[in-house]
Amino acid sequence: MQTIQDRGYVFKRGQYDIEVRHEIQNTTGAPLTPSVYLQIVRDGNKPEGESSLYYTFTGPAVYTDAHKYQKFSFEDIAKKKENHATEGKDGWVAMIQHYFVTAWVPPQGEAREIRAAQDAPNLYSISTVMPLQPIAPGASTTSKAQLWVGPQDQNTLAALAPGLDLVVDYGWLTFAAKPLYWLLEFLHSVVRNWGWSIIFLTIIVKAAFYPLSAASYKSMARMKEVTPRMMKIREQYADDKQKMNLAMMELYKTEKINPLGGCLPIVVQIPVFIALYWVLLASVEMRNAPWMLWVHDLATPDPWFILPVVMVASMILQYKLNPTPPDPVQAKMMAVMPYIFGAMFFFFPAGLVLYWVINNGLSILQQWYVTKQIAKSKAVG
């Protein structure tokens with residue numbers, strides 16, 4: 001006499017979640033208390049074709065209502081340093097890679113253990129183990145769980161289980177990235193093209209930050225005016241750093257210039273633009289999504305390198321419009337930065353490069369407009 005176990009799968013057309021049923025029949029003469037093991041196994045290699053120029057997380061993750069979303073690396077498992085919830089009555093376990101996720105979602109409200117292990121060299125697992133209620137002799141029981149194998153579709157994942165949409169990981173910028181993704185998705189529902197959605201989203205964000213940008217451009221325009229005098233001071237006190245600094249401070253005071261005035265407004269905007277970067281990098285909607293003409297996939301590099309070339313040109317133009325740093329070393333670094341970043345962007349997804357091209361173009365237009373307004377006000381005065 002033995003225990004009989006059957007496993008059934010229920011697939012739904014057009015959906016990535018699978019209902020997995022475990023039917024257990026006790027054919028022995030004594031009560032049994034079996035457990036259901038739900039496991040995901042993966043090697044520790046990076047996904048095939050992943051770029052070395054930007055990082056996306058590959059590895060296991062768990063979620064419980066008590067400890068929320070937790071991810072950890074294969075290296076942590078190998079060194080037994082993984083830090084995650086080990087028990088609970090809710091949540092899920094998953095294995096994540098760029099754009100895709102495999103996840104087990106057990107029945108909520110039932111106690112389970114959560115285990116991570118290295119099963120063999122370069123082979124790792126994340127699992128959840130659920131003890132079932134005792135089964136009397138001759139009786140049977142059925143346990144159901146949801147298995148997701150597919151893309152990181154945020155809305156569908158959120159509906160399947162609490163916190164499952166967090167596998168689209170924006171890190172500490174989630175607070176800014178979530179609204180940006182919602183806006184991007186809304187724009188796509190209107191224009192029906194992810195490339196144009198990126199463009200309109202960038203325009204909206206730049207417009208929202210225009211007051212801060214204008215303050216920065218005004219400060220940079222004033223710095224540009226006094227740059228010749230700053231260079232003269234550097235030459236005059238080249239051998240006396242203290243006198244040079246005092247003369248510079250006096251110049252700033254006389255001209256009412258804050259040397260950080262051009263930086264601070266930009267610093268405030270940086271988290272939002274980095275969050276937008278991560279939204280575009282992590283969103284599976286960009287995969288195989290065309291924009292127009294030669295761009296057939298926003299998740300892969302521009303096949304004709306047109307966007308990266310325009311990107312480099314826009315950065316060079318921005319450099320020309322900004323005041324030249326008085327420090328020669330800093331000036332040289334600023335001069336070569338467009339080429340360094342440009343070389344990197346040749347291998348970035350086209351959607352990300354499109355975002356930066358539009359962002360730079362709008363910055364140039366805003367800077368030109370602010371500079372023109374300053375010149376007009378001086379002419380009137």
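Relative to the present Cα-Cα distance, how much length would full extension add between Ala111 and Glu19 at 0.36 nm per residue of separation?
Roughly 31.2 nm would be gained on extension.
Suppose R0 equals 22 Å; then what is the FRET efficiency for Trp304 and Tyr55 from their Cβ-Cβ distance, rounded to the nearest 0.05?
Values: r = 26 Å, r/R0 = 1.20.
About 0.25, to the nearest 0.05.
Let me check I've understood the local charge: for Ala116, count other residues with C-beta under 15 angstrom from its C-beta, Lys and Arg +1, Asp and Glu -1. What total comes out? Walk me through the intermediate numbers first.
On the way: positive: Arg42, Lys71, Lys79, Lys80, Lys81, Arg112, Arg115; negative: Asp43, Glu75, Asp76, Glu82, Glu87, Glu113, Asp119.
Net charge in that neighbourhood comes out at 0.
At 222 nm, what helix-only mean residue ellipticity would the chain give, in deg cm²/dmol to the nearest 500, using -39500 (n - 2.57) for each DSSP H run of four or more?
After summing the helix terms and dividing by the residues of the chain, the value is -15000 deg cm²/dmol.
Just to be sure I understand, if you calculate Kirkwood radius over Cα pairs in Å for this structure, which of (1) 21.6; (2) 25.0; (3) 20.6 do you get?
(2)
In what sequence, highest mean first, do 94-107, 29-42 appear when ranked by Cβ atoms within 10 angstrom?
With the highest mean Cβ count within 10 Å placed first, the list reads 94-107, 29-42.
If you take every residue apart from Phe72 with its C-beta less than 10 Å away from the C-beta of Phe72, what net charge results, scoring Lys and Arg +1 and Asp and Glu -1?
Local net charge: -1.
How far is helix 264-282 tilted, in degrees, relative to the longest principal axis of the Cα atoms in the chain, given as a value from 0 to 90 rounded to the nearest 10?
40 degrees
Can you tell me the FRET efficiency between Arg229 and Asp169 if r is taken as the Cβ-Cβ distance and R0 is 56 Å, rounded to the nearest 0.05?
Result of the calculation: an efficiency of 0.70.
Calculate the spin-label point distance for Ser140 paired with Ala313, positioning each point 7 Å from the Cα along the beta-carbon direction, and give it in nanometres.
The answer from the label model is 7.1 nm.
Read-outs throughout are calculated quantities, based only on the coordinates presented, and are distinct from any laboratory measurement. What you see is a predicted model; the values in this text were computed from it and never measured. Positions of Cβ are generated from backbone atoms using ideal geometry, with glycine treated the same way; all protein chains shown enter the neighbour counts.
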